[in-house]
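Just below is one structure, and these are the notes that go with it.
The values are calculated or read from the model by the stated rules, or taken from the named source; none is laboratory data. If you're wondering where the values come from, they're calculated on a predicted model, not measured in any experiment. For neighbour counting, all protein chains shown are included, and Cβ atoms are generated from backbone atoms with ideal geometry for every residue, glycine included. These area figures cover heavy atoms from the full protein model, side chains too; ligands, DNA and RNA do not enter into them. Shrake-Rupley method; radii C 1.70, N 1.55, O 1.52, S 1.80 Å.
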Amino acid sequence: MKMHDYYSKQLVDKNPPGSVFAAKTSACMVTAYKSGKVLFQGNDCEKEAGKWGGAARGGGAGSGDGRGSDGGRSVTVAGGTAKKPAAAKGKSAAKGDLPIGIGGMSAIGSDEVGTGDFFGPITVVAAYVKKEHIPLLKELGVRDSKDLGDEKIIAIAKVIKDVVPFSLLTLKNEKYNQVQQAGWSQGKMKAVLHNQAILNVLGKISPEKPEVILIDQFVQSSTYFQHLKNQKAIAKENVYFSTKAEGIHLAVAAASILARYAFIQYIDKLSETAGFKIPKGAGAQVDVAAAKLIVNKGRDVLPSFVKLHFANTDKALALVNKKRK
Ligand code: MG
């Protein structure tokens, strides 16, 4: 359901009877029905309907021949025949709108792992997936990594790392803690890492260029570019943002899998150094593990293992103190 994905951020809670979804954009109410018909209602609905083209029914999509209701205008188009709007290229997505058919384009996707984990680094990967490679990646099992267990992630990553050009950046905790203490938000760290990984991939594939660059959204695009204002080079041409971008383009899914793979490997390495299995996440189990680490190796090793500003640090220290009493 391309259309559903496209409007995923503007969906309204209540669907009219017989409809699959309803969404409200700034200028238009969009209702998609099980029959495949889509109704566009509102003052500027021709423009919205025009994005989808296809076989027009009723008023004629995008023709300006809207049919009035409630004093507004409405246009009906048959679903499933989306075409790419002329305006899609060369525009950065300030409003979070994506080009139609983005899932089938040659794209650089980027995603990160580890931001919510007390132990381990932030890993960011940008990966380039040519449209010709999309069927192959599907066959290799690339999809939303949240649906995949570690074993599957490792197996897929091992194969695709030789198929897909990518850049992996690892922000180790020594450095993470330094920049965090210098006042960087995670948002800024991520923006800088995503931008750098994307530039690396653009360099790798040059002179070839992706049709789109899709970043799994973690801040508003304006904030993203604000974070980058002191960077020497900024990738901004055809850059788009979306939450749940793994489901929108396989390049983001591939990036996510590679980032997770790198994160898993790093956690394994930390486990080896620690001498016991390091847990992921930020729950009570990491407090216990960090306490054990402090008892075994001393407090000084913490900065290379954990994100110090997490509340888990104090909880771990409290556990150690309790034991010593
Ligand atoms: Mg993400």
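In terms of the mean number of neighbouring beta-carbon atoms within 10 Å, the peptides 223-232, 311-320 order highest first as 311-320, 223-232. 3J(HN,Hα) couplings calculated from phi for the stretch 97-114 with the Karplus curve 6.51 cos²θ - 1.76 cosθ + 1.60 (θ = phi - 60°) are, in sequence order, 8, 10, x, 5, x, 4, x, x, 8, 6, 9, 8, x, 9, 7, 10, 9, x Hz; Gly and Pro show x. Taking label positions 7 Å along the Cα-Cβ direction at both LYS269 and GLU237, the computed distance is 3.4 nm, reported to one decimal. Amide H to amide H distances under 5 Å link PHE241 with ALA93, ILE215, where only residues 5 or more positions off or on other chains count and H is placed in the peptide plane. Measuring nothing but protein heavy atoms, the accessible surface of the stretch 200-325 at 1.4 Å probe radius is 52 percent carbon and sulfur. A crude spin-label estimate for the pair ALA318 and SER185, with each label 7 Å from Cα along the Cβ direction, gives 2.7 nm. Take 279-286, 141-148 and order them by the average number of nearby Cβ atoms within 10 Å per residue, most first; the result is 141-148, 279-286.
For VAL12, the residues whose amide H sits under 5 Å from its own are ALA22, ALA23, LYS24, ignoring neighbours fewer than 5 places away on the same chain, with H placed 1.01 Å from N. Between GLU139 and LYS204, the C-beta separation translates, for a Förster distance of 35 Å, into a calculated FRET efficiency of about 0.90. Near VAL124: Cβ cut-off under 9 Å, other residues only, Lys/Arg at +1 and Asp/Glu at -1. The net charge is -1. According to the square roots a ≥ b ≥ c of the eigenvalues of the Cα gyration tensor, what is the shape class of the stretch 282-324, taking rounded for a/c under 1.5, prolate for a/b larger than b/c otherwise, and oblate for the remainder? Here the stretch 282-324 falls in the oblate category.
Accessible area per residue for the stretch 282-324, computed on protein heavy atoms with a 1.4 Å probe, is 54 Å². Take 258-269, 105-116, 176-187, 203-214 and order them by the average number of nearby Cβ atoms within 10 Å per residue, most first; the result is 105-116, 258-269, 203-214, 176-187.
Legend: distances between Cα atoms for LYS138/LYS204; LYS9/LYS269; LYS138/LYS236; LYS138/LYS315; LYS24/LYS172; pairs beyond 32 Å are LYS9/LYS269; LYS138/LYS315; LYS24/LYS172.
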